[in-house]
1. Looking at region 51-66, which of the residues that are under 13 Å from the mean Cα position of the chain (by Cα) and outside any loop (DSSP other than H, G, I, E, B) is surrounded by the fewest Cβ atoms within 10 Å (Cβ to Cβ)?
2. Check off (1) within 18 Å of E127 (Cα to Cα); (2) charged (D, E, K, R); (3) crowded, with 18+ Cβ neighbours inside 10 Å for D42 and give me the number that stays unchecked.
3. G97 - would you say it is farther than 22 Å from P41 by Cα, outside any helix (DSSP H, G or I) and of a type in the set (G, A, S)?
4. If you scan region 99-114, which residues turn out to be surrounded by fewer than 19 Cβ atoms within 10 Å (Cβ to Cβ) and either in contact (Cβ under 8 Å) with a residue 12 or more places away in the chain or among the basic types (K, R) (or both)?
5. Does G80 qualify as being touching a residue at least 24 places away in the same chain (Cβ under 8 Å), surrounded by fewer than 12 Cβ atoms within 10 Å (Cβ to Cβ) and not acidic (D, E)?
6. Hey, among the residues in region 114-126 that are modelled with pLDDT under 95 and on the phi < 0 side of the Ramachandran plot, which one's nearest to the chain's Cα centre (by Cα)?
7. Among the numbered criteria (1) within 19 Å of V131 (Cβ to Cβ); (2) touching a residue at least 24 places away in the same chain (Cβ under 8 Å); (3) acidic (D, E); (4) not in a strand (DSSP E or B), which single criterion is violated by E33?
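The values are calculated or read from the model by the stated rules, or taken from the named source; none is laboratory data. Since we're looking at a predicted model, the values are computed, not measured. Please note: Cβ atoms are built from the backbone with ideal geometry, for glycine as well, and neighbour counts cover all protein chains shown.
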Amino acid sequence: MVKSRPKRDVGGNTMKASAATAALVERLFRTFESGDASAIPDLFAEEGPVLGIGTDPTEWWSGRERLLQVVTAQVGELAGTKVDMGDVEAYEVGDLGWGAARPTFTFPDGNSFVGRLTVVSAKSGDEWRLVQFHLSVGVANDEAVGRELTT
């Protein structure tokens with residue numbers, strides 16, 4: 001479900017809820033569920049810089065070719081994973097979109113985790129494509145920085 005907030009004027013453009021960016025997030029998650037990576041290239045921008053950041057400290061992929069290579073491999077490795085997207089907050093202004101979700105991933109062996117996903121999308125012609133995504137796992141402040149912080 002796409003959450004919506006009131007429209008705002010941003011640099012002369014109107015910010016609004018983005019069904020297009022929310023749909024990209026849903027397509028990305030459904031690809032992992034199906035294990036069919038054939039749709040992956042259509043999700044990411046063909047021109048300009050593309051960046052993906054995953055949950056592992058070594059998962060930082062800059063450039064479309066490398067990103068597609070790794071995401072395609074991981075779709076196969078994680079086939080059968082169920083993803084509950086929860087609410088997707090997605091907005092756009094002009095030809096730029098962004099979104100966020102707290103998906104729950106449940107793996108075939110029963111293990112699961114709640115992730116934190118952010119994406120940036122760009123419109124090229126009539127198509128919206130992802131130009132950036134970041135999937136992380138929340139860690140308590142006292143564990144990450146050694147003390148509790150205001151949340």
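1. The extreme case among them is I53.
2. (3)
3. no
4. Answer for region 99-114, where residues must be surrounded by fewer than 19 Cβ atoms within 10 Å (Cβ to Cβ) and either in contact (Cβ under 8 Å) with a residue 12 or more places away in the chain or among the basic types (K, R) (or both): A100, R102, T104, T106, F107, P108, F113, V114.
5. It is false that G80 is touching a residue at least 24 places away in the same chain (Cβ under 8 Å), surrounded by fewer than 12 Cβ atoms within 10 Å (Cβ to Cβ) and not acidic (D, E).
6. S124
7. Result: E33 passes all but (1).
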